[in-house]
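Novice: Quick one: the structure is below, questions incoming.
The values are calculated or read from the model by the stated rules, or taken from the named source; none is laboratory data. Being a predicted model, the structure only gives us computed values, none of them experimental. No Cβ is skipped: glycine too gets one built from the backbone with ideal geometry, and neighbour counts run over all protein chains shown. Just the protein is used for accessible areas: all its heavy atoms, side chains included, with ligands, DNA and RNA removed. Shrake-Rupley method; radii C 1.70, N 1.55, O 1.52, S 1.80 Å.
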Amino acid sequence: MLLPGLLLLLFLLTSTHLFRGRRELCNLHLPPLAPGFLHQLQPNLPIYLLGLSQKFGPVYRLRLGPQEVVVLNSKRSIEEILVTKSRDFAGRPQGVANNLISKNQADVSMGDYTHLWKAHKRLTRSALLYSVHSILESLVEQVTQELCERMRAQAGTPVDIQKEFSLLTCRIISYLSFTDKEDTVVQAFNNNVQDLMTTWEHWSIKILEFLPFLRFFPIPGLRKLKQALETRNCLVEKQLRQHKETMVAGQWRDITDFMLQGVNKLQGERGLELHDDHVLMSLVDILIGGTETTASALAWTVLFLLHHPEIQKRLQEELDVQLGPRTSDSRIQYKDRWRLPLLNATISEVMRLRPVVPLGLPHRAMQPSSIMGYDIPKGMVIITNLQGALLDSTVWEQPHEFRPERFLDPAGSTNINSMIFGCGPRSCLGEPMARLEIFLVLAQLLHTFTVLPLEGALPSLEPQPYSGVNLKLQPFQVRLQPRQCCEIAGEGSSFAG
Ligand code: HEM
Ligand SMILES: *[C@@H]1O[C@H](CO)[C@@H](O)[C@H](O)[C@H]1NC(C)=O
């Protein structure tokens, strides 16, 4: 009884809400309205939204959740709001659930575009870049080495590679943030990130955006979300306390030291109201933004290589020719990417077909503006369908085909970075980190192993139903065949056969 009642109420509230706004808008030249609501129940939302642009053009309005939003499905329209008119569209929608999880907006990814927010984002970016430049490369090399050794020891048995990548990226982030690589700590953060993501996506949390007063009731998902948030805060607060006790002024062991000292400095010098909650939320953004996204990008690449063994073979040849055959002390450095164009192109092609944040994060118009000639009123929420734009057939030849070569021709290859990580004032903070991790982990993994499917059908390239933010894979397993011993075994068996 509760659910149908809720849905009815929800319908009444949203329709009156929409009706009220309508009158002031009727003098404007708005984008066309795609009819219907509950579009968000579509399992592959980005592709569904791209499909609607066949009928309505690349820019249209739609009822998504509690309000009307504008959806952008082309490179041109998306670049208009991210680059040309970036100030007009740098806001974020503010909802109840946002406030719950972001400590009342002390947050970079969900915070609105204000003077304080800009200083906060700048400080977080400096902290990240500092750690990227000081230790990321050697850290990635070391944890990947550990992964390879473990995999070699259990050679040939089925591996849940997604889980391995997720622990690997979590280990990296946890070390950069807190100088902590203890397995128990990494596991605790990893579990918490998973908890936060699943509770956040629960329907009862989504309903809060329509019916904010429900937060005063004991709805099922809300209690779980609050628990996960409490665990999250405890874990990070403990780190903050320990860091404050042992920190030496002017020295930074990790992102936490950098942020704590940076906040003090900004408070003292410029009177900015940044405090511990801002440090905590930056660390949360980095933990949540930095683990599953990068891990999924790695897993999507492995999955495409299972479907395209010929590309995997060419990648391994490229690695062998450029770096020599794999030996126990061979090293791959990030600057080697200039010598490994096919690997670079393959990563771009996987990210084009499966951008792990396919709809970006929602933007909000800070003032009346326009997109592709349509009027956009202040407060309008804008969804950037990045995946849609990356499949635009006016830009890409045979857009649905996996063809890394398209990125090898410098003249023909279109710059896709802004469609993968966003750009402008709201651009992704983790791009340098994610790129380095993805490149080095794959190079080392493919130099050491051949990735093989288990017996039977290949795992599906279809993503899990879209909910939340990330484009997730369905669970799958692989076998990792050590390369040298694989070739010898291969010869042996061909003699036997
Ligand atoms: C393959 C990996 C990744 C992809 C594809 C990705 C993509 C994106 C996209 C599309 C956005 C939204 C841009 C917009 O609003 O227009 C974003 C925002 C963000 N990302 Fe990433 N990201 C990745 C990894 C990371 C990592 C490793 C971190 C942190 C260490 C991170 C932290 C953030 C933060 C904090 C924001 C919010 C920025 C803001 O609101 O101003 N991301 N990311
Ligand atoms: C990697 O590929 C992208 C996309 O084609 C390109 O913009 C970039 O310059 C390439 N980087 C290297 C190191 O070749």
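Novice: Tell me the net charge near Ala295. Cut-off is 15 Å between Cβ atoms, Ala295 excluded, with +1 for each Lys or Arg and -1 for each Asp or Glu. Spell out each step's value before the answer.
Specialist: Numbers: positive: Lys163, Arg171, Arg354, Arg435, Lys472; negative: Asp160, Glu164, Glu292, Glu437.
Net local charge, Ala295 excluded: +1.
Novice: Compute the signed sum of charges (Lys and Arg +1, Asp and Glu -1) over the other residues within less than 15 Å, Cβ to Cβ, of Leu123.
Specialist: Working: positive: Lys118, Lys121, Arg122, Arg125, Lys265, Arg270; negative: Asp107, Asp254, Asp257, Glu269, Glu273, Asp276, Asp277, Asp285.
Combined, the nearby Lys, Arg, Asp and Glu give -2.
Novice: Find the accessible area per residue for segment 143-194; the probe is 1.4 Å, ligands and nucleic acids are left out, and the unit is Å².
Specialist: Numbers: 2100 Å² over 52 residues.
Accessible area per residue, segment 143-194: 40 Å².
Novice: If I histogram all Cα-Cα distances within the chain using bins 20 Å wide from 0, what percent of pairs lands in each bin?
Specialist: Bins of 20 Å from zero give 21, 54, 23, 2, 0 percent of pairs.
Novice: Which FRET efficiency, nearest 0.05, do Arg122 and Asn417 yield, Cβ-Cβ r, R0 22 Å? Spell out each step's value before the answer.
Specialist: Details: r = 20 Å, r/R0 = 0.93.
Rounded to the nearest 0.05, the efficiency is 0.60.
Novice: Tell me which lysines have Cα within less than 21 Å of Lys163's Cα, excluding those fewer than 8 residues away on the same chain?
Specialist: Lys163 reaches Lys181, Lys472.
Novice: While we're here: In nm², what is the average projected area of the convex hull enclosing the Cα atoms of segment 325-370? Show your work: numbers first, answer last.
Specialist: On the way: hull surface 25.9 nm².
With the hull built on Cα positions only, its mean projection is 6.5 nm².
Novice: Ranking request for peptides 315-327, 171-183, 288-300: highest mean number of other beta-carbon atoms within 10 Å first, then the rest in descending order.
Specialist: On the way: 315-327: 15.8, 171-183: 20.9, 288-300: 24.2.
Most protected by this proxy first, the peptides run 288-300, 171-183, 315-327.
Novice: Just by accessible area at a 1.4 angstrom probe, what is the order of Arg314, Arg122, Arg403 from largest to smallest? Walk me through the intermediate numbers first.
Specialist: Values: Arg314 95, Arg122 130, Arg403 65 Å².
The ordering from most to least exposed comes out as Arg122, Arg314, Arg403.
Novice: Another question, then. Using alpha carbon centroids, what distance separates segment 55-104 and segment 366-434, in Å?
Specialist: The two parts, judged by their Cα centres, are 13 Å apart.
Novice: Return the loop-located GluC sites (Glu not before Pro) in segment 375-408 (DSSP other than H, G, I, E, B) with at most 15 other Cβ atoms within 10 Å of their own Cβ; answer none if there are none.
Specialist: On the way: sites: Glu397, Glu401, Glu405; in loops: Glu397, Glu401.
For GluC sites (Glu not before Pro) across segment 375-408 that sit outside H, G, I, E and B with at most 15 neighbouring Cβ atoms in 10 Å, the list reads Glu397, Glu401.
Novice: Could you rank the peptides 364-370, 158-164 by their average count of other C-beta atoms within 10 Å per residue, with the highest value first? Don't skip to the end; give the middle numbers.
Specialist: Working: 364-370: 16.3, 158-164: 18.0.
The packing order, highest mean first, is 158-164, 364-370.
Novice: Ranked from the most accessible area to the least, with a 1.4 Å probe and all protein chains present, what is the order of Lys118, Lys224?
Specialist: My answer, sorted largest first, is Lys224, Lys118.
Novice: When we measure straight from the Cα of Lys118, which lysines land under 16 angstrom away, once same-chain ones fewer than 8 places off are left out?
Specialist: Lys265
Novice: Report in % the part of the accessible area of the chain that belongs to carbon and sulfur, leaving out ligands and nucleic acids; probe 1.4 Å. Mind dumping the intermediate values first?
Specialist: Details: 13090 of 22950 Å².
Heavy-atom surface of the chain belonging to carbon and sulfur, 1.4 Å probe: 57 percent.
Novice: Sort 38-51, 270-283 for me by packing, meaning the mean count of neighbouring Cβ atoms within 10 Å per residue, highest on top. Before the final figure, lay out each step's value.
Specialist: On the way: 38-51: 16.8, 270-283: 18.9.
Listed from highest to lowest mean packing, they are 270-283, 38-51.
Novice: Right, something else. Taking H as built 1.01 Å from N, whose amide H comes closer than 5 Å to the amide H of Met380, not counting residues under 5 places away?
Specialist: Excluding prolines and chain starts, which carry no amide H, the hits are Ala365.
Novice: Let me ask something else. Share of Cα-Cα pairs in segment 345-497 beyond 20 Å, in percent? All intermediate terms of the calculation are to be shown ahead of the outcome.
Specialist: Numbers: 7522 of 11628 pairs.
Result for the distance tail: 65 percent.
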